[in-house]
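The values are calculated or read from the model by the stated rules, or taken from the named source; none is laboratory data. Computed from a predicted model, the values in this text were never measured in an experiment. Neighbour counts run over all protein chains shown; Cβ positions are idealised from the backbone, glycine included. With ligands, DNA and RNA removed, areas are computed over all heavy atoms of the protein, side chains included. Shrake-Rupley method; radii C 1.70, N 1.55, O 1.52, S 1.80 Å.
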Amino acid sequence: MTDEPLVRTRIRGEQDVFTVRQLGREVAREVGLEAQDQTRIATALSEVGRLVVAEGRDAEVVFTTPRGRVPTLQVEMSYPALPEDAGRLAAQLTQVRRLVDTLEVTGNGPGTLVRMARRLPLGAPELTRSRMDEIRAHLADHVPGTPLDELSVQNQQLIAALDEVRAQRDDLARLNAELEETNRGVMALYHQLSDELEETNRGVVALYAELDEKSVQLRAASEAKSRFLANVSHELRAPVTAIIGLGRLLTDGSSEPLTTEQSRQVELIRGSATDLLTLVNELLDLAKAEAGRIEPAWTDVDLKAVFGQLRGTLRPLATRPDVDFVVEEPGEPRLRSDEVLLAQVLRNLLTNAIKFTAEGEVRLSAVRTGDDIEFTVSDTGTGIPPELTERIFEEFYQVPGSQALSGKGTGLGLPYARRLVGILGGALRVSSEPGKGSTFTVCLPVAP
Ligand code: ADP
């Protein structure tokens, strides 16, 4: 591309306005502007030309394709006029401005300069030097038509433009109809969806109602079970205690002496009754905990004292020579809790650990972790298969084949311990490896 003009011409009178109009269209066509843009350039030129002629001036018109990033057709019209005329002309050209991309009017020394430009479309052929020469040659051969010729061309363009407008209006009407159709479809879909949603909602509401009813029934059943357990165990306690007392009476020195066989049998009865009493007591405790009838007595618990007491009361149980019984000093001196319930939980876990450990150690420790205290009861005993670590918290569940080394169990200790820890606002977890040992962790808030 080059700044060298493609063509230049002059407007000296009305006749030349037609000529410039034709030339403008021709140049626009040659440089690759589309038909509508050709008309736009031609119309813009004839408008400016008309105004210049009306002022009784001559104008020079120069067509160029200036060097730059975007290929553009530029037309400059200059004519002698006072600088203040530029403002007036600019005001008259507001309509013309819409036909081109840029239009500037400047007072240019003793003259006025109108510069307008239109970008070439992307697909326009490249304006090489030889192409420019070719265009120049074509334009030099251009023979201007008469005003009548120009009128006929203008009429044809008008008809084409009107045709296009009609076609666009028809397109618009068709698009509108399609849009309306689509809208109707969307609305129908929306209604269908909202109906389905409503239906689903109704189903969900019904389901929730059923669920509520079921959970009320479940709660009632669980309360009935706890009540039953509490009543039965309470009723059983008196006769069982009586059996134990009677047994003691029969065997103590103040009664008639019994034969050896009789003594053995009475001892058996007493042993069984004692086991039964343990079971009844544990059942009663669990039933109470489940019924929410255990109210913790919150106090500042001195952990050193609790640990000391556990050390003293449990050492006599940990008699196996190959097992070390270690109660560490607590890592945190106090916490707010119920001392009796806490001691009960830890005693339960330690008793289990002692029961299931043949060698190694049983250890109790407490450390602070953030707002909690973690009590750990670890042992090097039989361990618990991983798939059963949750089941041992079910009532009466005992790991099949697990043999307590001392004492019998009821399978109620861990469910009760977990309940108590829950009441104290904490959690009881276990991790274990069969053959290696188990670790029970009680996590309690320092200040619940
Ligand atoms: P119990 O000890 O009276 O049988 P628990 O509820 O305290 O009842 O424990 C349930 C079962 O969990 C025990 O029978 C035993 O199989 C298993 N268990 C509990 N603690 C341990 C432990 N420290 N090591 C191995 N097994 C354990």
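Points worth noting:
- Counting only residues that are open to solvent by less than 60 Å² (accessible area, probe 1.4 Å) and part of a loop (DSSP other than H, G, I, E, B), the stretch 360-374 holds 1 of them.
- When G383, G411 are checked against the criterion of being touching a Gly at 6+ places or on another chain (Cβ under 7 Å), within 9 Å of the ligand (Cβ to nearest atom) and not hydroxyl-bearing (S, T, Y), G383 stands alone in meeting it.
Here is a yes/no grid of residues against (1) among the acidic types (D, E); (2) open to solvent by less than 90 Å² (accessible area, probe 1.4 Å); (3) closer than 30 Å to A287 by Cβ:
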site	(1), (2), (3)
V186	no, yes, no
L193	no, no, no
L197	no, no, no
R202	no, no, no
V205	no, no, no
A209	no, yes, no
D212	yes, no, yes
A220	no, yes, yes
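- Residues in the stretch 54-97 that are surrounded by fewer than 17 Cβ atoms within 10 Å (Cβ to Cβ) and either within 14 Å of A117 (Cβ to Cβ) or touching a Lys or Arg at 6+ places or on another chain (Cβ under 7 Å) (or both): D58, E60, V62, P66, R67, G68, R69, V70, P80, R97.
- A single member of G411, G437, G401 is over 41 Å from the mean Cα position of the chain (by Cα), free of Cβ contacts under 8 Å to residues at least 40 places away in the same chain and open to solvent by less than 30 Å² (accessible area, probe 1.4 Å), and it is G411.
- Checked against the criterion of being among the aliphatic types (A, V, I, L, M), under 16 Å from L93 (Cα atoms) and surrounded by 20 or more Cβ atoms within 10 Å (Cβ to Cβ), the candidates L23, L6, L45 yield just one match: L45.
- Residue in the stretch 414-430 that is farthest from the ligand (Cβ to nearest atom), counting only those that are open to solvent by less than 70 Å² (accessible area, probe 1.4 Å) and outside any helix (DSSP H, G or I): G425
- Subset of the stretch 298-326 [aliphatic (A, V, I, L, M), within 16 Å of the ligand (Cβ to nearest atom) and surrounded by 14 or more Cβ atoms within 10 Å (Cβ to Cβ)]: L310, L314, L317, A318, V323
- Scope the stretch 375-396; condition part of a loop (DSSP other than H, G, I, E, B) and open to solvent by 40 Å² or more (accessible area, probe 1.4 Å); matching residues: T380, T382, E390, E394, E395, F396
- Residues that are open to solvent by less than 70 Å² (accessible area, probe 1.4 Å) and without any contact (Cβ under 8 Å) to a residue 60 or more places away in the chain were ranked within the stretch 125-145; the one that is nearest to T19 (Cα to Cα) is A137.
- Selection count where residues are among the basic types (K, R) and within 8 Å of the ligand (Cβ to nearest atom), scope the stretch 386-408: 1
- Only helices (runs of 4 or more DSSP H) whose full extent lies in the stretch 12-111 are considered here, and the ones with at least 1 residues that are touching a strand residue (DSSP E or B) at 6+ places or on another chain (Cβ under 6 Å) and among the aliphatic types (A, V, I, L, M) are 14-31, 35-54, 85-92.
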